[in-house]
Ligand code: GLP
């Protein structure tokens with residue numbers, strides 16, 4: 001795992017955008033995996049800026065989002081489809097038909113999950129997947145106890161996740177759905193490159209557990225320790241409880257220039 005501790009979330013976002021822009025340069029029809037939540041917003045802002053100021057071209061890009069609430073239609077202000085339209089898709093030149101978010105209104109959820117896996121497979125898999133992390137260690141909506149080999153499926157949200165996400169819902173926690181569709185940990189592990197972002201003191205403890213703790217289904221993000229190509233992009237606050245904090249900085253400071261893209 002490569003751990004890059006930046007002074008600010010904006011700097012982490014710039015580094016993440018560099019990695020994504022490089023992937024788009026070497027493969028214009030790159031397949032991106034995208035995430036929701038507060039964390040990736042600065043990354044999306046940076047990508048939007050590069051589209052506007054540097055003509056970064058998203059025309060060939062395909063995307064798959066990690067998850068969606070069950071019971072919220074795509075035009076619901078709290079659905080993840082709506083989030084993506086507002087924070088990224090409406091502001092760059094991606095082709096709408098190439099953006100995929102699970103359908104939380106599907107009549108047959110199991111079929112929707114299977115179809116989602118097939119769609120990812122059909123385009124050759126995900127090249128670069130953006131991830132955040134929940135305070136309980138979830139990635140996408142793979143809550144503690146999730147099988148580390150799991151595929152896209154229905155999950156029941158924990159009370160903690162519903163509380164954390166209640167800030168996005170006008171009516172508070174009562175409006176937060178109890179179920180979701182989420183890519184599995186196994187689905188995520190098949191992506192060629194993973195970028196996990198975390199910012200703020202509130203994420204410090206779980207980042208230390210995920211990166212340096214034992215690999216366990218109780219901290220689904222710890223499965224990333226088994227992935228060959230993961231970059232953990234944290235700000236100082238989120239990286240503050242890492243035992244090897246200084247070593248990670250030393251590695252990054254001494255990284256050969258040719259490895260820096
Ligand atoms: C949600 C999403 C996750 C995200 C997590 C953290 O639960 N399903 O993909 O990583 O929230 O959110 P935030 O970035 O707002 O802390």
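Read the figures in this text as sums done on the coordinates, not as results from a lab. Everything quoted here is computed from the prediction, not taken from an experiment. Positions of Cβ are generated from backbone atoms using ideal geometry, with glycine treated the same way; all protein chains shown enter the neighbour counts.
Note: relative contact order over region 126-261, using C-alpha pairs below 8 Å and six or more positions apart, is 29 percent. In percent, rounded to a whole number, the relative contact order of region 39-160 is 24, using alpha-carbon pairs under 8 Å and six or more apart.
Highest mean packing first, where packing is the average number of other Cβ atoms within 10 Å per residue, the peptides 72-82, 104-114 line up as 72-82, 104-114.
Region 142-187 and region 33-68 have Cα centres separated by 22 Å. Most tightly packed first, judged by the mean number of other beta-carbon atoms within 10 Å of their residues, the peptides 192-199, 89-96 read 192-199, 89-96. May I ask you to derive the FRET efficiency for residue 59 and residue 252 from their Cβ-Cβ distance with R0 = 41 Å, giving the value to the nearest 0.05? Given R0 = 41 Å and the Cβ-Cβ separation, E is 0.80.
For residue 86 and residue 26, what is the calculated FRET efficiency with R₀ set at 30 Å and r taken between the beta-carbons, to the nearest 0.05?
0.55
Using DSSP, restrict attention to beta bridges with both residues in the chain and report what percent are antiparallel, rounded to the nearest 5.
Once the DSSP bridges in the chain are tallied, antiparallel ones form about 30 percent.
Each label point was placed 7 Å from the Cα along the Cα-to-Cβ direction; for residue 178 and residue 8 their separation is 4.3 nm. Spacing of the modelled spin labels on residue 114 and residue 135, each 7 Å from Cα toward Cβ, amounts to 3.8 nm. Considering only DSSP beta bridges whose two residues both sit in region 87-238, what percent are antiparallel, to the nearest 5? Antiparallel bridges make up about 40 percent of those DSSP assigns within region 87-238.
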